[in-house]
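Here is the structure we will look at.
The values are calculated or read from the model by the stated rules, or taken from the named source; none is laboratory data. Predicted, not measured: the structure shown is a model, and the values here were computed from it. Please note: Cβ atoms are built from the backbone with ideal geometry, for glycine as well, and neighbour counts cover all protein chains shown. Protein only, heavy atoms only, side chains kept; ligands, DNA and RNA dropped before computing areas. Shrake-Rupley method; radii C 1.70, N 1.55, O 1.52, S 1.80 Å.
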Amino acid sequence: GTLADQSRLATALTRLAATSPADLLARAELPTAQSLLAQGFPARTVDGFLRPLLTALLSGPALLTSSRCADLALYSFAAGRLCLSEGGADTLPELLAATLPPGTVRTGVRVTSLSITSVTTADHGELPCRAVVSATGARAAAELLPGLRVPAFHPVTVLHHATEEPPLTEPSLLLDSDRSGPVSHTAVVSQVDPSRAPTGRALISSTVLGTPPDPAHLDATVRTQLSRLYGTSTNRWELLAVHHDPEAVPATPAPHDLRRPVRMLAGLYVCGDHRGSGTVQGALHSARRAAHAVLTDLGARPTLREEPLETAA
(Lines give C-alpha, C1' and ligand atoms only; values in the text may rest on other atoms or scores of the structure.)
Protein backbone atom coordinates (compact mmCIF):
# COMPACT_ATOMS: atom_id res chain seq x y z
CA GLY A 1 0.00 0.00 0.00
CA THR A 2 0.85 3.69 0.07
CA LEU A 3 2.72 5.42 2.89
CA ALA A 4 -0.66 6.69 4.11
CA ASP A 5 -1.99 3.10 4.16
CA GLN A 6 1.04 1.94 6.12
CA SER A 7 0.63 4.81 8.57
CA ARG A 8 -3.04 3.97 9.14
CA LEU A 9 -2.18 0.30 9.62
CA ALA A 10 0.57 1.12 12.14
CA THR A 11 -1.84 3.36 14.04
CA ALA A 12 -4.50 0.63 14.06
CA LEU A 13 -2.03 -1.97 15.36
CA THR A 14 -0.75 0.41 18.04
CA ARG A 15 -4.32 1.09 19.16
CA LEU A 16 -5.03 -2.64 19.17
CA ALA A 17 -1.98 -3.37 21.33
CA ALA A 18 -3.26 -0.84 23.89
CA THR A 19 -6.74 -2.42 24.03
CA SER A 20 -7.43 -4.93 26.78
CA PRO A 21 -8.40 -8.48 25.75
CA ALA A 22 -11.64 -8.05 27.71
CA ASP A 23 -12.58 -5.08 25.53
CA LEU A 24 -11.67 -7.03 22.40
CA LEU A 25 -13.96 -9.87 23.46
CA ALA A 26 -16.80 -7.38 23.96
CA ARG A 27 -16.75 -6.40 20.28
CA ALA A 28 -19.42 -7.61 17.89
CA GLU A 29 -18.53 -11.01 16.48
CA LEU A 30 -18.31 -11.62 12.75
CA PRO A 31 -16.38 -13.91 10.41
CA THR A 32 -12.89 -12.42 10.20
CA ALA A 33 -13.09 -11.56 6.49
CA GLN A 34 -16.25 -9.48 7.09
CA SER A 35 -14.79 -7.87 10.21
CA LEU A 36 -11.73 -6.58 8.34
CA LEU A 37 -13.92 -4.85 5.76
CA ALA A 38 -16.23 -3.48 8.46
CA GLN A 39 -13.25 -1.84 10.20
CA GLY A 40 -12.65 0.33 7.15
CA PHE A 41 -9.22 -0.92 6.09
CA PRO A 42 -8.44 -0.25 2.40
CA ALA A 43 -8.83 -3.38 0.27
CA ARG A 44 -5.12 -3.28 -0.65
CA THR A 45 -4.16 -3.29 3.06
CA VAL A 46 -6.46 -6.25 3.73
CA ASP A 47 -5.32 -8.26 0.71
CA GLY A 48 -1.66 -7.26 0.88
CA PHE A 49 -1.02 -7.70 4.61
CA LEU A 50 -3.87 -8.44 7.04
CA ARG A 51 -5.39 -11.36 5.13
CA PRO A 52 -2.09 -13.25 4.61
CA LEU A 53 -0.95 -12.49 8.16
CA LEU A 54 -4.19 -13.68 9.76
CA THR A 55 -4.24 -16.69 7.45
CA ALA A 56 -0.83 -17.63 8.85
CA LEU A 57 -1.78 -16.92 12.48
CA LEU A 58 -5.17 -18.67 12.35
CA SER A 59 -4.47 -21.43 9.77
CA GLY A 60 -7.78 -20.75 8.05
CA PRO A 61 -7.37 -19.50 4.44
CA ALA A 62 -11.06 -18.58 4.05
CA LEU A 63 -10.93 -16.37 7.17
CA LEU A 64 -14.26 -17.69 8.46
CA THR A 65 -12.72 -17.74 11.94
CA SER A 66 -14.44 -15.73 14.66
CA SER A 67 -13.31 -12.10 14.53
CA ARG A 68 -12.70 -12.30 18.29
CA CYS A 69 -10.07 -14.99 17.70
CA ALA A 70 -8.56 -12.82 14.98
CA ASP A 71 -8.54 -9.75 17.23
CA LEU A 72 -6.72 -11.69 19.94
CA ALA A 73 -4.20 -13.05 17.43
CA LEU A 74 -3.54 -9.56 16.05
CA TYR A 75 -3.34 -8.22 19.61
CA SER A 76 -0.63 -10.74 20.46
CA PHE A 77 1.19 -9.90 17.23
CA ALA A 78 1.00 -6.15 17.85
CA ALA A 79 1.80 -6.26 21.58
CA GLY A 80 4.51 -8.91 21.50
CA ARG A 81 6.72 -10.62 18.96
CA LEU A 82 6.70 -13.73 16.81
CA CYS A 83 8.98 -16.36 18.31
CA LEU A 84 10.24 -19.94 18.11
CA SER A 85 11.43 -22.06 21.00
CA GLU A 86 15.19 -22.57 20.69
CA GLY A 87 15.98 -26.19 19.99
CA GLY A 88 12.50 -27.12 18.77
CA ALA A 89 8.97 -27.55 20.09
CA ASP A 90 10.06 -30.20 22.60
CA THR A 91 12.23 -27.72 24.49
CA LEU A 92 9.54 -26.19 26.71
CA PRO A 93 8.02 -29.46 28.03
CA GLU A 94 11.53 -30.85 28.56
CA LEU A 95 12.48 -27.80 30.63
CA LEU A 96 9.30 -28.10 32.67
CA ALA A 97 9.82 -31.82 33.24
CA ALA A 98 13.42 -31.23 34.36
CA THR A 99 12.18 -29.21 37.36
CA LEU A 100 10.10 -32.12 38.69
CA PRO A 101 11.27 -35.01 40.92
CA PRO A 102 12.64 -38.04 38.99
CA GLY A 103 9.90 -40.44 37.93
CA THR A 104 7.15 -37.81 38.03
CA VAL A 105 6.68 -37.81 34.25
CA ARG A 106 5.89 -41.10 32.53
CA THR A 107 5.84 -41.40 28.74
CA GLY A 108 4.65 -44.23 26.51
CA VAL A 109 1.68 -44.93 28.79
CA ARG A 110 -1.65 -45.33 26.97
CA VAL A 111 -4.62 -44.11 28.96
CA THR A 112 -7.92 -45.93 28.40
CA SER A 113 -10.25 -44.12 30.81
CA LEU A 114 -10.39 -41.31 33.36
CA SER A 115 -12.30 -40.62 36.56
CA ILE A 116 -12.00 -38.05 39.33
CA THR A 117 -10.01 -40.50 41.47
CA SER A 118 -8.02 -42.62 39.01
CA VAL A 119 -6.49 -43.05 35.58
CA THR A 120 -6.79 -46.48 33.95
CA THR A 121 -4.01 -47.45 31.54
CA ALA A 122 -3.61 -50.23 28.97
CA ASP A 123 -0.42 -51.79 30.36
CA HIS A 124 0.36 -50.05 33.66
CA GLY A 125 -2.76 -50.69 35.69
CA GLU A 126 -4.82 -48.10 37.53
CA LEU A 127 -3.17 -44.98 38.92
CA PRO A 128 -4.95 -43.32 41.88
CA CYS A 129 -5.11 -39.52 42.00
CA ARG A 130 -6.82 -36.50 43.52
CA ALA A 131 -7.47 -34.79 40.19
CA VAL A 132 -7.07 -35.48 36.47
CA VAL A 133 -6.30 -32.99 33.68
CA SER A 134 -6.70 -34.11 30.07
CA ALA A 135 -4.27 -32.01 28.02
CA THR A 136 -4.65 -33.51 24.55
CA GLY A 137 -6.01 -32.72 21.13
CA ALA A 138 -9.77 -32.42 20.68
CA ARG A 139 -10.38 -35.94 19.34
CA ALA A 140 -8.36 -37.71 22.05
CA ALA A 141 -10.07 -35.59 24.71
CA ALA A 142 -13.51 -36.58 23.37
CA GLU A 143 -12.54 -40.26 23.44
CA LEU A 144 -11.53 -39.99 27.10
CA LEU A 145 -14.34 -37.63 28.12
CA PRO A 146 -17.57 -38.69 26.34
CA GLY A 147 -19.80 -35.74 25.61
CA LEU A 148 -17.10 -33.36 24.43
CA ARG A 149 -17.69 -32.06 20.92
CA VAL A 150 -15.11 -32.81 18.24
CA PRO A 151 -14.73 -29.66 16.10
CA ALA A 152 -13.87 -29.39 12.44
CA PHE A 153 -10.15 -28.95 11.76
CA HIS A 154 -7.77 -27.03 9.54
CA PRO A 155 -5.26 -29.42 7.89
CA VAL A 156 -1.66 -28.21 7.83
CA THR A 157 1.39 -29.48 5.92
CA VAL A 158 4.92 -28.29 6.69
CA LEU A 159 7.85 -28.86 4.32
CA HIS A 160 11.46 -28.53 5.47
CA HIS A 161 14.22 -27.83 2.94
CA ALA A 162 17.97 -27.48 3.43
CA THR A 163 20.37 -25.49 1.28
CA GLU A 164 23.96 -24.29 1.37
CA GLU A 165 23.21 -20.56 1.54
CA PRO A 166 20.19 -18.93 3.20
CA PRO A 167 17.88 -17.34 0.60
CA LEU A 168 17.05 -14.61 3.12
CA THR A 169 19.42 -13.38 5.82
CA GLU A 170 16.81 -11.62 7.96
CA PRO A 171 14.89 -13.51 10.68
CA SER A 172 11.57 -12.78 8.97
CA LEU A 173 8.26 -14.46 8.25
CA LEU A 174 7.56 -14.29 4.52
CA LEU A 175 3.87 -14.13 3.54
CA ASP A 176 2.53 -14.80 0.05
CA SER A 177 0.00 -12.01 -0.33
CA ASP A 178 -0.46 -12.86 -4.03
CA ARG A 179 -1.55 -16.43 -3.20
CA SER A 180 0.59 -17.61 -6.11
CA GLY A 181 0.75 -21.21 -4.88
CA PRO A 182 -0.09 -23.54 -2.01
CA VAL A 183 2.42 -22.05 0.48
CA SER A 184 0.82 -19.64 2.94
CA HIS A 185 4.01 -18.58 4.71
CA THR A 186 7.66 -19.53 4.89
CA ALA A 187 10.79 -18.62 6.85
CA VAL A 188 14.49 -19.34 6.95
CA VAL A 189 14.16 -20.87 10.40
CA SER A 190 17.94 -21.24 10.84
CA GLN A 191 18.22 -17.43 10.81
CA VAL A 192 16.14 -17.48 14.02
CA ASP A 193 17.45 -20.70 15.58
CA PRO A 194 20.66 -22.07 13.99
CA SER A 195 20.44 -25.24 16.10
CA ARG A 196 17.52 -26.47 13.99
CA ALA A 197 19.53 -26.69 10.76
CA PRO A 198 21.95 -29.40 9.62
CA THR A 199 25.54 -28.36 10.28
CA GLY A 200 26.74 -25.76 7.80
CA ARG A 201 23.40 -25.47 6.05
CA ALA A 202 20.29 -23.29 6.14
CA LEU A 203 16.82 -24.63 7.01
CA ILE A 204 13.72 -23.28 5.26
CA SER A 205 10.32 -24.26 6.67
CA SER A 206 7.19 -23.62 4.61
CA THR A 207 3.54 -24.10 5.52
CA VAL A 208 0.71 -25.26 3.26
CA LEU A 209 -2.79 -24.76 4.67
CA GLY A 210 -5.69 -27.01 3.77
CA THR A 211 -5.51 -30.34 1.98
CA PRO A 212 -2.45 -30.19 -0.32
CA PRO A 213 -3.26 -30.21 -4.02
CA ASP A 214 -1.65 -33.11 -5.87
CA PRO A 215 0.46 -34.49 -2.96
CA ALA A 216 2.63 -36.51 -5.34
CA HIS A 217 3.96 -33.30 -6.92
CA LEU A 218 3.69 -31.06 -3.86
CA ASP A 219 7.44 -30.58 -3.44
CA ALA A 220 7.89 -29.48 -7.06
CA THR A 221 4.95 -27.08 -6.82
CA VAL A 222 6.21 -25.63 -3.55
CA ARG A 223 9.75 -25.21 -4.91
CA THR A 224 8.42 -23.21 -7.86
CA GLN A 225 6.52 -20.89 -5.55
CA LEU A 226 9.42 -20.55 -3.10
CA SER A 227 11.71 -19.64 -5.98
CA ARG A 228 9.42 -16.68 -6.75
CA LEU A 229 9.05 -15.67 -3.11
CA TYR A 230 12.75 -15.78 -2.27
CA GLY A 231 13.94 -14.62 -5.70
CA THR A 232 16.41 -17.46 -6.12
CA SER A 233 16.70 -20.93 -7.65
CA THR A 234 15.45 -23.80 -5.47
CA ASN A 235 16.59 -26.60 -7.79
CA ARG A 236 19.40 -27.71 -5.49
CA TRP A 237 17.42 -27.49 -2.27
CA GLU A 238 17.14 -30.79 -0.41
CA LEU A 239 13.76 -31.87 0.91
CA LEU A 240 14.39 -33.06 4.48
CA ALA A 241 10.87 -33.85 5.63
CA VAL A 242 7.16 -33.34 4.97
CA HIS A 243 4.77 -33.37 7.92
CA HIS A 244 1.01 -33.45 7.28
CA ASP A 245 -1.56 -33.23 10.07
CA PRO A 246 -5.20 -33.41 8.94
CA GLU A 247 -6.32 -32.22 12.40
CA ALA A 248 -3.62 -29.67 13.11
CA VAL A 249 -5.77 -26.75 14.25
CA PRO A 250 -9.38 -26.81 15.48
CA ALA A 251 -11.65 -24.56 13.45
CA THR A 252 -13.27 -21.69 15.36
CA PRO A 253 -15.90 -20.16 13.06
CA ALA A 254 -18.17 -17.40 14.32
CA PRO A 255 -19.93 -17.61 16.68
CA HIS A 256 -17.32 -19.21 18.94
CA ASP A 257 -16.94 -19.45 22.71
CA LEU A 258 -13.30 -18.65 23.52
CA ARG A 259 -13.70 -19.77 27.12
CA ARG A 260 -15.19 -23.22 26.78
CA PRO A 261 -15.36 -24.91 30.20
CA VAL A 262 -12.17 -26.54 31.48
CA ARG A 263 -13.78 -28.02 34.62
CA MET A 264 -15.89 -31.03 33.68
CA LEU A 265 -16.40 -32.03 37.31
CA ALA A 266 -14.58 -31.14 40.51
CA GLY A 267 -11.51 -33.34 40.05
CA LEU A 268 -11.78 -33.73 36.27
CA TYR A 269 -10.45 -31.04 33.91
CA VAL A 270 -9.63 -30.58 30.23
CA CYS A 271 -7.47 -28.06 28.35
CA GLY A 272 -6.10 -27.54 24.87
CA ASP A 273 -6.50 -25.26 21.86
CA HIS A 274 -9.99 -26.72 21.38
CA ARG A 275 -11.09 -25.02 24.64
CA GLY A 276 -9.99 -21.56 23.48
CA SER A 277 -9.06 -19.70 20.35
CA GLY A 278 -7.49 -22.52 18.31
CA THR A 279 -4.02 -20.98 18.59
CA VAL A 280 -0.93 -21.63 20.69
CA GLN A 281 -1.98 -18.73 22.89
CA GLY A 282 -5.44 -20.26 23.23
CA ALA A 283 -3.97 -23.60 24.30
CA LEU A 284 -1.71 -21.96 26.89
CA HIS A 285 -4.53 -19.82 28.23
CA SER A 286 -6.84 -22.82 28.60
CA ALA A 287 -4.05 -24.64 30.46
CA ARG A 288 -3.74 -21.70 32.85
CA ARG A 289 -7.49 -21.75 33.44
CA ALA A 290 -7.43 -25.51 34.07
CA ALA A 291 -4.49 -25.21 36.50
CA HIS A 292 -6.32 -22.42 38.32
CA ALA A 293 -9.46 -24.60 38.59
CA VAL A 294 -7.48 -27.56 39.93
CA LEU A 295 -5.69 -25.50 42.58
CA THR A 296 -8.92 -23.78 43.58
CA ASP A 297 -10.74 -27.10 44.01
CA LEU A 298 -7.82 -28.52 46.01
CA GLY A 299 -7.89 -25.50 48.30
CA ALA A 300 -4.60 -23.96 47.19
CA ARG A 301 -6.22 -20.53 46.54
CA PRO A 302 -4.07 -19.56 43.55
CA THR A 303 -3.65 -16.03 42.27
CA LEU A 304 -3.23 -15.51 38.54
CA ARG A 305 -0.20 -13.37 37.81
CA GLU A 306 0.17 -11.63 34.48
CA GLU A 307 3.81 -11.41 33.38
CA PRO A 308 4.76 -8.69 30.86
CA LEU A 309 5.62 -10.12 27.46
CA GLU A 310 8.98 -8.38 27.35
CA THR A 311 10.14 -10.08 30.58
CA ALA A 312 8.56 -13.49 30.11
CA ALA A 313 11.10 -16.32 30.03
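For segment 286-302, the criterion of being in contact with a helix residue (DSSP H, G or I) (Cβ under 9 Å, 6 or more places away or on another chain), open to solvent by less than 70 Å² (accessible area, probe 1.4 Å), at pLDDT below 95 and not in a helix (DSSP H, G or I) is met by at least one residue.
Considering only segment 3-26, state which residues are in a loop (DSSP other than H, G, I, E, B), of a type in the set (S, T, N, Q) and free of Cβ contacts under 8 Å to residues at least 24 places away in the same chain. Scanning segment 3-26 gives a single hit, Ser20. The residues of segment 4-26 that are of a type in the set (Asp, Glu) and open to solvent by 30 Å² or more (accessible area, probe 1.4 Å) amount to a single one, Asp23.
Residues in segment 193-221 that are among the aliphatic types (A, V, I, L, M) and open to solvent by 50 Å² or more (accessible area, probe 1.4 Å): Ala216, Ala220. Residue count for segment 222-240, restricted to those that are open to solvent by 20 Å² or more (accessible area, probe 1.4 Å) and within 14 Å of Thr207 (Cβ to Cβ): 1.
One residue stands out in segment 170-204 among those that are closer than 17 Å to Ser233 by Cβ and without any contact (Cβ under 8 Å) to a residue 40 or more places away in the chain: the one that is farthest from the chain's Cα centre (by Cα), namely Arg201.
Scanning segment 253-283 for residues that are closer than 19 Å to Thr211 by Cβ and either surrounded by 22 or more Cβ atoms within 10 Å (Cβ to Cβ) or in contact with a Phe, Trp or Tyr (Cβ under 9 Å, 6 or more places away or on another chain) (or both) turns up just one, Gly278. Scanning segment 167-192 for residues that are within 21 Å of Pro215 (Cα to Cα) and either open to solvent by 40 Å² or more (accessible area, probe 1.4 Å) or not in a strand (DSSP E or B) (or both) returns Asp176, Arg179, Ser180, Gly181, Pro182. Of all residues in segment 233-285, which are β-branched (Val, Ile, Thr) and part of a helix (DSSP H, G or I)? If the condition is that a residue be β-branched (Val, Ile, Thr) and part of a helix (DSSP H, G or I), then Val280 is the only one that fits. Restricting the search to strands (runs of 3 or more DSSP E) fully inside segment 27-145 and requiring at least 1 residues that are crowded, with 17+ Cβ neighbours inside 10 Å and not assigned by the TED database to the domain that holds Val208 gives 111-114, 118-121, 132-135.
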